[in-house]
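Here the structure comes first, spelled out in structure tokens, and everything after it is commentary.
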Amino acid sequence: MDPVDALRRIAFLLERDRAATYRVQAFRTAAGAIGAMTGHEITQRVTAGTLESVRGIGPKTAQVVREALADEVPGYLRRLEEDTAGPLTEGGSGLRAELRGDCHLHSDWSDGGSPIEEMGRTAMELGHEWAVLTDHSPRLTVAHGLSPERLRRQLAAVAELNDRWAPFRLFTGIECDILPDGSLDQEAQLLEQLDVVVVSAHSELRMDARTMTRRLVAAVRHPQANVLGHCTGRLITGRGRPESQFDADEVFAACAESGTALEINSRPERLDPPRRLLRRAVDAGVLFAIDTDAHAPGQLDWQIFGCARAEECGVPAERVVTSWPADKLLAWSGR
């Protein structure tokens, strides 16, 4: 077994299972260190017992490497596979099998934890035909939002990866902050160049319902908006955060009229929108995007949470844009 693959798989399973970040990072750092070495050097260090003297490799990760090079499934990986073998949640498997991509994921260019290449490669390994890179926009400084200059550099980086990854396609995108007046936090000319634009509110989430309604309606009607992200802004774990107040019927009607999809956010701490609003969105005739909002590779496997809620609330599979092939997605997004 390739030791880098073993270390990556362990990190993926830990992320998927919501393990502490420091545990995940130990295996991703080790994978990077091993990946930078030649096979001969790795074998020499294993034979000499000096593997743990390499920066980023500790006793547990070194043992994984030794066992992998001995043509064994590393014990740590085997136990982890057994412990995480069950489904993440009940239901959703039928709709999950229909999905072809994910419209919302982050890299270490903003507040994600892994490089673009690792996120894209993991999406491929999960069977996706495409995925959309949606790092944050400039004003979300706490999440290292991308300035116009950095976003232009990212577009070039994605183009280079796509040259190597065909037929898989990593689409260019952004999670663009919805400003208090409903305008979008990025240059209009740049938004026009992106394949998919997710629009989300991240600030002033407790404004009065009428003002929030106007704000969201203006955003989803923007010519470049494709997906309304985590519409209520709620957090349901830890200290939590209440839902933003707005006229859901008016917002969903604007989504249906403009063709902007409503995101079904699969992150366990969000699960946004709540079921009652999701059912109203179905009745309103809107399109949906079942997304992970992944900030780490293992979180790309969280779509099942959104699929389970979508099935429970009667979301028709044909109205889920993340079930569409790439060309249909681009035709819908206007790109």
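The values are calculated or read from the model by the stated rules, or taken from the named source; none is laboratory data. No experiment lies behind these values; they were computed from the predicted model shown. Neighbour counts run over all protein chains shown; Cβ positions are idealised from the backbone, glycine included. These accessible areas exclude ligands, DNA and RNA; they are computed on the full protein's heavy atoms, side chains included. Shrake-Rupley method; radii C 1.70, N 1.55, O 1.52, S 1.80 Å.
Values for this structure:
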{"quantity": "Carbon + sulfur, % of accessible area of the stretch 66-137 - ligands and nucleic acids excluded, 1.4 Å", "calculated": "44"}
{"quantity": "Interchain or long-range residues, amide H under 5 Å from CYS176's placed H", "calculated": "VAL198, VAL199, SER200"}
{"quantity": "Rg ratio (alpha-carbon, reference 2.2 N^0.38 Å) - the stretch 178-335", "calculated": "0.97"}
{"quantity": "Globularity ratio of the stretch 23-158, using Cα Rg and 2.2 N^0.38 Å", "calculated": "1.32"}
{"quantity": "The chain - accessible surface per residue (Å², probe 1.4 Å)", "calculated": "43"}
{"quantity": "Mean ellipticity per residue at 222 nm, deg cm²/dmol - from DSSP H runs of n ≥ 4 across the chain, formula -39500 (n - 2.57)", "calculated": "-13000 deg cm²/dmol"}
{"quantity": "Length added when fully stretched, ARG221-LYS328, from 0.36 nm per residue minus Cα-Cα", "calculated": "36.5 nm"}
{"quantity": "Crossing angle, helix 59-69 versus the chain [Cα axis fit, 0-90 degrees, rounded to tens]", "calculated": "80"}
{"quantity": "Calculated P(r) tail over 21 Å for the stretch 252-335, as whole % of Cα pairs", "calculated": "28"}
{"quantity": "Summed residue charge, Cβ within 10 Å of ALA261's Cβ, Lys/Arg positive, Asp/Glu negative", "calculated": "-1"}
{"quantity": "Sparse-neighbour loop sites [GluC sites (Glu not before Pro); the stretch 82-147; at most 15 other C-beta within 10 Å; DSSP]", "calculated": "GLU90, GLU98"}
{"quantity": "Taking the stretch 106-256 and dividing mean pair separation by its residue count, relative contact order in percent (alpha carbons under 8 Å, at least six apart)", "calculated": "18"}
{"quantity": "Rounded to 10°, Cα long-axis angle of helix 148-165 versus longest principal axis of the chain", "calculated": "60"}
{"quantity": "Semi-axis lengths, Å, the stretch 1-61, gyration tensor of Cα atoms, sqrt of 5 times eigenvalues", "calculated": "22, 12, 8"}
{"quantity": "Cα-centred dipole magnitude for the chain, charges only on beta-carbon of K, R (+1) and D, E (-1), debye, nearest 20", "calculated": "540"}
{"quantity": "Paired Rg and Dmax values of the stretch 91-210, which use every Cα atom, in angstrom", "calculated": "15.3, 48"}
